[in-house]
Amino acid sequence: MLIRTVFIFLLAISAPYAAFAQSFGAQEFTLSNGLQVVVIPNHRAPVVTSMLWIKVGRADEAPGVSGMAHYLEHLMFKGTQKMQPGEFSKTIKTLGGDDNAFTGQDYTAYFTSVSVDNLPKIMEMDADRLVNLNPPPEHFASEKQVVLEERRQRTDNDPRALFGEQLQSMVFINHPYGTPVIGWMNEIERYEWKDVKKFYDAWYAPNNAVLVVSGDITAEQLKPLAEKYYGTIPKKELPPRIRPLVPPAPAQSVLSLQSDAIHQSIYQKIYIAPSERMDKKDSLALQVLAEIMDGNATARFYKNVVIGQKKATSVDFNYNSSAYDYGTIGIGGTPAVGVSPEDLGKTLEDEITAIITGGVTDAEVKDAIQRLQDTAVFARDSVAGPAMIFGAALTTGSTVADVENWSTDIAKVTAADVKAAASKYLDNTKPWIRPAVTGHLLPAEIAPPEVSDVQR
Amino acid sequence: MFKDKNPWKYLALGFLLAAVLIGLLLFLGMQAQAATRFLPIEEITTPKGIKVWVAKDNSLPVVSLKFIFVDSGSTNDPQNLQGLARLLSNTLDEGAGDLDSQSFQKALSDHSITLTFNAGRDFFGGDVKTLTRHQDKAFELLALALNSPRFDAEPVARMKDGNLTRIKSSMSEPDWMTARLINDRAFGTHAYGKNSGGTLSSLPRITPEDLRTFKNTYLTKDRLIIAAAGDINPQTFAATIDKVFGDLPAKGPTVEIKDFTVENAGKTFLYNQDIPQTFIEIMMPSFDNKDKDFFALKLLNYIYGGAGFGSRLMDTVREKGGLTYGIYSSLQDYRHGDLLSVSTSTKNESAAEMLSLIQAEMTKLQNTPVGEKELKDAKSYLTGSMPLALTSTDEIADMILSLQFQELPIDYLDHYADYINAVTPADIQRVAKRVLDPASMVTALVGKPAKIENAEIVKELPNVQ
């Protein structure tokens, strides 16, 4: 309950392929200062969700101050020359609206849901804090404490979360995605306002932002408002976005954590994979593969591993395609009583091998495409959801057309494409870039496995 | 009376005038109704006498149907079979009629139908979401699940195993652990104290026969509430409802559940767990919408901790103190008792300070009336945010269902703002004295809190094994 808002949006991010719609009827224009504006009309209720997305995130930070982009996101609610700390959210509440924000590796987004007649006030306040942030210094320290509490609550209290963080850092050797968005505990302590301000001044600019407004409005109605509130903000020269690359790393990595606080073992494995921006064709094929493997209770993983072989009580195959750089494929599960994580891992890998060698059937592909297209229709049944979809797409290198045409593009995927993508990204014997990283989480009473491979 | 010799003229004029007036009144009345109906909900009665509240909307080809059987939830689980209602919700969609588990699930996924069941303390519920073009199939599958579930041995065993590993996984989650502790201590021996998710020993005992008996006993028409929203086919809808629900048993046994009072008032319980934070969950007795002070209570809760950002608790402990990522209070309205609860977490060293701040904010609201502006702002939010809760077919169906569950009138939303706006600072203070009483609190802590005195140490998490 504490993180309800955040949780909903995490869900939306983790399954972007499932949420894209065949046609949202999105409209798009760009102001002369470079601000990109997307409008998704939906006149069911007299409300809008307005999201301001900045194309900067955790992965763009300098080394040594991990999580600073997220700390900045917190400070964005602490006032400008015109606004007192906290006044932004209080004003929105008084207007009957809700607001919040979140930070990812590639973006930082601020959102407000409110009745459409109050949209101008929201735009005025958002435009103000885009370039006039000025929190009083007494808030720097207390907000840092809030971030430390956030990290403790989300991560440090739960060995599974700590383990996930470490797995991720192992996957992304030499790449910023290996560092958690919230930052490492000992680096959070080091934030200084002057560094935050430098980061803010460099990246927060109209030509590095996307305004997405979904709801009871049209582009024609929004354009004069956008001109009025954002149009006068000058564009900036932006720093280059140079991201490091993951090098070939042939060694196998197996991590294991045994803890008193764990009562149920878990198996996980993470493959590095292309994002939609890196390779759209392969990305679409992997989206279909994920649906075939784990789209529902009759999909391959559940049917064969949980029901058929009874090796697990739950299984997971997920593909994250929404990233500026690399995507990931994660597989995993909760082993059944008496099954070790290694044993479950082998069973899941056998299922993957079956795809690499035998492929999938045309019927499987056809059904998966139909279901994905149907989820796209359901995605239109929301005001905030489509704003989320467009914002995440446009800040990770996709276009409005990519989102609008997703349903027709996904329909072009063939069984041969799925087999080829599985062979390219999931074959342990000839890995793409580097082998997948495996994780075993174990209760204290069970001895950990002998790990002879390189363990980090 | 009439001075004119021809009174008929006046009578005729009178009739004409009356007709015009009635017409005008009708017209204005309809206008007024059209203008103020916040959400147009219709009540439909089917040929078999089942009532459904419906909000039609064909802007998208989506249909949502939600229903609950009241007083049919985990409160009715036998003590040694805790988790029975929950397991029923897991197994009801695992095969029905001629379709075994996999065939049933395939029929759902082939038609992109979402069909789920859920069990709360006070109710057993179901939820169908479908595209218009598959609605006949969706209702056919729902009818099968409700009327002829199979409870085959394989899926029942699979769902039991899934629940057992879910419990073992949850044993690493401090918020789950805190919930176990507070529920046990606050509800005590009342039926609400049962673990609705089941325990490690109760779940293995449950048999397919137990599931069948629970379903036949409690999923009956006298307890049924139905809400529908979206692109409903008005020609076939009533007949469909009869086909799905019409053949369920007419009546189930009356369940005697006594009203509960919070037990262990004034006490603090601690379960030691080696984590960097202390999780805090507090419960105190409250009341529901049957009480004339309910709207004052809603506003009080919003001002105290319900608002999230902007609430007094969030301002004091997060914005000023930096002591937490979040703190919230909420009202929990059960059929046989009501609570106000507070949840938060803070680093172990700050736990004692946090507890005293939570109480200090209670005392302040008891002793000092809220300011006019603070109250006005709270009213603006509670009245102004209503449309935000109605932006999808699902949310609309949820709203309609909850109006019925809370036994509110069909036009309740139209008057909601008036009720809220009538509340005064004196009302809020009266309710604060009644509810926000530190002596009535039960407190549960999980973590390694520093400087906590007088806490009763709990060695084993209750209702898990």
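The values are calculated or read from the model by the stated rules, or taken from the named source; none is laboratory data. Being a predicted model, the structure only gives us computed values, none of them experimental. Cβ coordinates were reconstructed from backbone atoms using ideal geometry, including for glycine residues, and neighbour counts include every protein chain displayed. Side chains are part of the model used for accessible areas, which takes the heavy atoms of the whole protein and leaves out ligands, DNA and RNA. Shrake-Rupley method; radii C 1.70, N 1.55, O 1.52, S 1.80 Å.
Points worth noting:
- Being in a helix (DSSP H, G or I) and open to solvent by 40 Å² or more (accessible area, probe 1.4 Å) is a condition met by no residue of the stretch B:186-203.
- Single condition B:ALA227 does not satisfy, out of (1) closer than 25 Å to B:ILE41 by Cβ; (2) among the aliphatic types (A, V, I, L, M); (3) at pLDDT below 95: (3)
- Selection count where residues are buried (at least 24 other Cβ atoms within 10 Å of the Cβ) and among the β-branched types (Val, Ile, Thr), scope the stretch A:55-88: 1
- For the residues A:TYR271, A:TYR230, the requirement of being among the aromatic types (Phe, Trp, Tyr), open to solvent by less than 40 Å² (accessible area, probe 1.4 Å) and within 20 Å of the chain's Cα centre (by Cα) singles out A:TYR271.
- Here B:MET171 meets the list (1) modelled with pLDDT under 95; (2) away from every other protein chain (no Cβ under 13 Å) almost entirely, failing just condition (2).
- Criterion violated by B:GLY126 - all others in (1) of a type in the set (Gly, Ala, Ser); (2) surrounded by fewer than 21 Cβ atoms within 10 Å (Cβ to Cβ); (3) closer than 24 Å to B:GLU154 by Cα satisfied: (2)
- Condition met for A:THR399 (crowded, with 23+ Cβ neighbours inside 10 Å, within 26 Å of the chain's Cα centre (by Cα) and of a type in the set (Ser, Thr, Tyr)): no
- Selection status of A:ILE188, touching a Gly at 6+ places or on another chain (Cβ under 9 Å) and within 14 Å of another protein chain (Cβ to nearest Cβ): yes
- Selection status of B:PHE294, open to solvent by 10 Å² or more (accessible area, probe 1.4 Å), outside the structural domain of B:GLN429 (by TED's automatic domain parsing) and among the aromatic types (Phe, Trp, Tyr): no
- Screening B:ALA238 against (1) of a type outside the set (Asp, Glu); (2) open to solvent by 10 Å² or more (accessible area, probe 1.4 Å); (3) outside any helix (DSSP H, G or I); (4) not assigned by TED's automatic domain parsing to the domain that holds B:ALA439 leaves a single unmet condition, (3).
- Checking every residue in the stretch A:81-103 against the condition of being closer than 29 Å to A:PRO46 by Cβ, free of Cβ contacts under 8 Å to residues at least 24 places away in the same chain and hydroxyl-bearing (Ser, Thr, Tyr) gives at least one match.
- Residue list for the stretch A:307-325, restricted to those being open to solvent by 30 Å² or more (accessible area, probe 1.4 Å), of a type in the set (Ser, Thr, Tyr) and within 17 Å of A:THR396 (Cβ to Cβ): A:TYR324
- Residue within the stretch B:282-295 that is small (Gly, Ala, Ser) and at the interface with chain A (Cβ under 10 Å from one of its Cβ atoms) present: no
- Residue, surrounded by the most Cβ atoms within 10 Å (Cβ to Cβ), within the stretch B:43-58, restricted to residues that are among the basic types (Lys, Arg) and in a strand (DSSP E or B): B:LYS56
- Residue check, A:ILE355 open to solvent by less than 10 Å² (accessible area, probe 1.4 Å) and either touching a strand residue (DSSP E or B) at 6+ places or on another chain (Cβ under 6 Å) or closer than 18 Å to A:ALA299 by Cα (or both): yes
A quick yes/no check of all residues on (1) under 24 Å from A:LEU95 (Cβ atoms); (2) open to solvent by less than 30 Å² (accessible area, probe 1.4 Å):
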position	(1), (2)
B:LEU323	no, yes
B:ILE327	yes, yes
B:ASP333	no, no
B:SER341	no, yes
B:GLU349	no, no
B:SER356	no, no
B:GLN359	no, no
B:MET362	no, yes
B:GLU374	yes, no
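- Any chance A:ILE242 is open to solvent by 50 Å² or more (accessible area, probe 1.4 Å) and either closer than 18 Å to A:ALA69 by Cα or in the same structural domain as A:LEU130 (by TED's automatic domain parsing) (or both): yes
- Some residue of the stretch B:147-165 being part of a helix (DSSP H, G or I), surrounded by 20 or more Cβ atoms within 10 Å (Cβ to Cβ) and among the β-branched types (Val, Ile, Thr): yes
- Matching helices (runs of 4 or more DSSP H) fully within the stretch B:333-410 where at least 2 residues are more than 14 Å from chain A (Cβ to nearest Cβ): B:351-367, B:393-405
- Scope the stretch A:111-159; condition more than 30 Å from A:LEU441 (Cβ to Cβ) and among the β-branched types (Val, Ile, Thr); matching residues: A:THR112, A:VAL114, A:VAL116, A:ILE122, A:VAL131
- For the stretch B:59-113, the candidate set comprises residues that are farther than 30 Å from B:GLU256 by Cβ and out of contact with any helix residue (DSSP H, G or I) (no Cβ under 8 Å at 6 or more places or on another chain); within that set, the residue that is most open to solvent (accessible area, probe 1.4 Å) is B:ASP98.
- Any hit, the stretch A:262-282, residues being assigned to a strand (DSSP E or B), out of contact with any Lys or Arg (no Cβ under 6 Å at 6 or more places or on another chain), within 14 Å of another protein chain (Cβ to nearest Cβ) and closer than 30 Å to A:MET51 by Cα: no
- Test: residue in the stretch B:62-74 that is away from chain A (no Cβ under 14 Å) and either free of Cβ contacts under 8 Å to residues at least 60 places away in the same chain or hydroxyl-bearing (Ser, Thr, Tyr) (or both): yes
- Subset of the stretch B:430-454 [of a type in the set (A, V, I, L, M, F, W, C), crowded, with 17+ Cβ neighbours inside 10 Å and either at pLDDT 95 or above or not assigned by TED's automatic domain parsing to the domain that holds B:ASN367 (or both)]: B:VAL431, B:ALA432, B:VAL435, B:LEU436, B:MET441, B:VAL442, B:ALA444, B:LEU445, B:VAL446
- Any hit, the stretch A:326-337, residues being out of contact with any Lys or Arg (no Cβ under 9 Å at 6 or more places or on another chain), closer than 22 Å to B:LYS168 by Cβ, open to solvent by 50 Å² or more (accessible area, probe 1.4 Å) and within 11 Å of chain B (Cβ to nearest Cβ): yes
- Scanning the stretch A:143-170 for residues that are out of contact with any helix residue (DSSP H, G or I) (no Cβ under 7 Å at 6 or more places or on another chain) and either assigned to a helix (DSSP H, G or I) or more than 14 Å from every other protein chain (Cβ to nearest Cβ) (or both) gives A:GLN145, A:GLU149, A:GLU150, A:ARG152, A:GLN153, A:PRO159, A:ARG160, A:PHE163, A:GLY164, A:GLN166, A:LEU167, A:MET170.
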